[in-house]
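Read the figures in this text as sums done on the coordinates, not as results from a lab. Fair warning: this is a prediction, and the values are worked out from it, not measured in the lab. Positions of Cβ are backbone-derived with ideal geometry, glycine not excepted, and every protein chain shown enters the neighbour counts.
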Amino acid sequence: MGYCIAPDLTDGKYMCLEPCNHKDCAAMRKDFIDDANCIICGKPIKAGDKFYYLEQGKTDKVHFLCELERIEASHSV
């Protein structure tokens, strides 16, 4: 299972910095601005953070380290 790295959205490389009507820009804003919190710890997933999507096609995500800790805790019982 591979992880993703959250993009830096402040440089204009991945989406327009000004309001626009591009579908890709809207998707990036929704995924990494509107819905950017880790489901496990509740803290934001920031640029450069490693993370996992919980379900294909959805924006719910978790920090890589939060998921590792969750998995380790479930196996230490």
Item checked: Net charge of neighbours whose Cβ lies under 9 Å from the Cβ of Phe51, counting Lys and Arg as +1 and Asp and Glu as -1 -> 0
Note to self: Going by amide H atoms built from the backbone, whose H comes under 5 Å of the H on Lys61, apart from near neighbours?
What the structure shows: Ile39, Leu54
Margin query: Taking 8 Å as the Cα distance limit and 6 or more residues as the minimum spacing, I'd like the relative contact order of the chain as a percentage.
Written below: 29 percent
Margin query: Could you give each residue of segment 65-72 its phi-based ³J(HN,Hα) in whole Hz, using Karplus coefficients 6.51, -1.76, 1.60 with θ = phi - 60°, and x for Gly or Pro?
Written below: 5, 4, 5, 4, 5, 5, 5, 4
Note to self: Net charge around Gly2, counting only other residues with Cβ within less than 15 Å of its Cβ (Lys, Arg = +1; Asp, Glu = -1)?
What the structure shows: 0
Item checked: Choice from Gly57, Gly12, Gly42 with maximal GNM fluctuation in the chain (Cα, 10 Å cutoff) -> Gly57
Next item on the list: Please get the size of the charge dipole for the chain, origin at its Cα centre, with Cβ charges of +1 on Lys and Arg and -1 on Asp and Glu, quoted in debye to the nearest 20.
Entry: 40 debye
Next item on the list: First select every other residue whose beta carbon is under 14 angstrom from the beta carbon of Gly12; then total the charges, Lys and Arg +1, Asp and Glu -1.
Entry: -2
